[in-house]
Amino acid sequence: MNDTQWPRFYVFKQDATDGPHQNCGSIHAPDGEMALLNARDVFVRRPPCVSLWVLPADAIHRHPPSGPPLKDHGKPRPRAYAVFVKADHRQPHHFAGELEADTAQEALDQAVSEQAHSSWVELWVAPASQLVRSDREDADAWFGPADDKPYRHGSFYHTESAMRKLMSASADDEA
Amino acid sequence: MAESTNGRSRDSQVAEFEARIARGEKIEPGDWMPDDYRRQLIRMISQHAHSEVVGMLPEGAWITRAPNLRRKMVLLAKVQDEAGHGEYLYHAAETLGASREEMIDELLSGRAKYSNIFNYPTLTWADIGVIGYFVDGAAILNQTMLARCSYGPYARANLRICAEESFHMKQGKEMVIRLSQGSPEQRAMVQDAVNRWWWPTLMMFGPHDADSPNTPQLVRWGIKTRTNDELRQTFVNNLVPELRAMGLSVPDPDLHYDEASDNWLPGAIDWDEFWRVVKGDGPVNDQRMADRRQAHEDGLWVRQALRAYAEKQAQPAPT
């Protein structure tokens, strides 16, 4: 039954409105809309999250390249590309802004020169139109429910103090 | 000596790779790695992912029978977490070139292994508490170690899993504490659950170090940083004093405190039972796989509908 290999989407999560969108993993889905819903259920069962994006893995052009170059997205014409930077081996890719270019290769070259002043290990560019983003206006409906589930956190359970009480009671018994 | 594509010898690549690990660097998806490192990781990570997925079955069976709304919400949230953990882990395996299709196929066809503990049945409500307390407690010890492993995506997945699982362990421990201080019936029920889950939990850590031929290589490559026996001993040392304080007994007449090593030393583990269950002859192996396949088949129409919707949306709108 070969129906389980849906396209892969990278997921970018923003924890605070003044923070970056950071890659937190990937998800499989038949389309971007479903990918965003799945991403919410997999990566935002707990706060914090204020915004979530998904990006089809096959829309990404990488530098340094890995594997054969991807086909361009239609005829060369000016369009917006989103740029993602992996600053070092300890950090995931984060969104670094958009730029305009005629082709993906041009966008990648431009991103490389824009990032020349900083150190990084990998750059991604992808047509900004390929990103599916959660709506700022829907943020409460999308991410609010994670806030009112305190029982999803270890701090909700007072097992340590209960155990300490039992331990000292049993020590008293033995004494 | 085999020459690699960039002209350097494989031996020097391995030496450089092992030096990176010795320096505490993380290996990332695009980096050079020995084939065997990749193979071992895919095996471990996919088994770990399958365990999260199959692990939903014994607990999911009790969601409708939870004794109150609070316990029901907690159990729902926990089972949902396990599904998410499976997702994190399949993703980590995919970064090594494994495909989701192959991994799911291996699970459903019965070729893949998953944690042996899930081949035991959950007979009473107390089992849900003991699973959280024992099984998740044991899993957290293992995953805390793996959160420091040399492969970046697997380390990060485990870090996220550990942060979320602290609640899994604590909700179970809370239940066991309550039941152990409850009515005679509740105490008997939780003691029975402890008796049934103690030994299978000790087996979760895997064979003794002397019988784990892969361990030294996994330790050298920074995939494991503690051995099966070390982790098992930590678990026993943590649990025995707590169980005694609750007035619960451990089903092991040979268990004793060894002053010289400051350890609680358990009696002999029945490895015949372990291998029998691993090879498919546990109490509910067949039922687990049948349930998993049934769930996959039952989901077929949902997957088909989603695909049809996506295809329709991708077509240009009629004018």
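FYI, it's all coordinate maths here, none of it is from the lab. Note that this is a predicted model, so its numbers are computed, not measured. Cβ coordinates were reconstructed from backbone atoms using ideal geometry, including for glycine residues, and neighbour counts include every protein chain displayed.
Laid out as a table, the results:
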{"item": "For region B:158-165, Karplus couplings with θ = phi - 60° (6.51, -1.76, 1.60), whole Hz, Gly/Pro x", "result": "5, 4, 5, 5, 4, 4, 7, 7"}
{"item": "Max mean-square fluctuation residue, GNM over chain A, Cα-Cα springs under 10 Å, options A:LEU36, A:LEU55, A:LEU70", "result": "A:LEU70"}
{"item": "Farthest positive-ward along chain B dipole, Cα basis, beta-carbon charges - from B:GLN287, B:GLN143, B:PRO153", "result": "B:PRO153"}
{"item": "Dipole magnitude of the protein assembly as shown about its Cα centre (Cβ charges: Lys, Arg +1; Asp, Glu -1), debye to nearest 20", "result": "580"}
{"item": "Net dipole in debye of region B:254-319 [+1 Lys, Arg Cβ; -1 Asp, Glu Cβ; about Cα centre; nearest 20]", "result": "1020"}
{"item": "Average beta carbon contacts from partner chains per residue of B:302-315, 10 Å cutoff", "result": "3"}
{"item": "Span from the region B:182-221 Cα centroid across to the region A:93-149 one, whole angstrom", "result": "45"}
{"item": "Amide H contacts of B:HIS256 (H built 1.01 Å from N, under 5 Å, at least 5 apart or other chain)", "result": "B:LEU265"}
{"item": "Rounded Å value of the spacing that divides the Cα centres of region B:91-129 and region A:24-66", "result": "24"}
{"item": "Most mobile listed residue (A:ALA35, A:ALA141, A:ALA107) in chain A, GNM with C-alpha springs under 10 Å", "result": "A:ALA141"}
{"item": "Peptide A:153-163, shielding by other chains (average Cβ, 10 Å cutoff)", "result": "6"}
{"item": "Descending Cα extents along the principal axes, the protein assembly as shown, whole Å", "result": "81, 62, 44"}
{"item": "Size of electric dipole in region A:8-174: Cβ of Lys, Arg +1 and of Asp, Glu -1, about Cα centre, debye, nearest 20", "result": "340"}
{"item": "Karplus 3J(HN,Hα) series, Hz, for region B:26-43 with 6.51 cos²θ - 1.76 cosθ + 1.60 (x for Gly, Pro)", "result": "8, 8, 10, x, x, 6, 5, 8, x, 3, 5, 4, 4, 4, 4, 5, 4, 4"}
{"item": "Rounded to whole Å, sorted largest first: equivalent-ellipsoid semi-axes of chain A, Cα gyration tensor", "result": "42, 19, 16"}
{"item": "With eigenvalues of the C-alpha gyration tensor scaled by 5 and rooted, region B:47-110, Å", "result": "28, 12, 6"}
{"item": "Bridge type composition, the protein assembly as shown - antiparallel percent by DSSP, nearest 5", "result": "95"}
{"item": "Sparse-neighbourhood loop sites, trypsin sites (Lys or Arg not before Pro) in region A:1-85 - DSSP loop, at most 10 other Cβ within 10 angstrom", "result": "A:LYS71"}
{"item": "Of B:PHE235, B:PHE17, B:ILE104, farthest towards positive along the dipole that unit charges on Lys, Arg, Asp, Glu beta carbons give chain B", "result": "B:ILE104"}
{"item": "GNM result for chain B, Cα springs below 10 Å: residue of B:GLY172, B:GLY110, B:GLY129 fluctuating most strongly", "result": "B:GLY110"}
{"item": "More than 26 angstrom apart: percent of Cα pairs within region B:33-314", "result": "46"}
{"item": "Degrees between helix A:159-174 axis and first principal axis of chain A (Cα, 0 to 90, nearest 10)", "result": "30"}
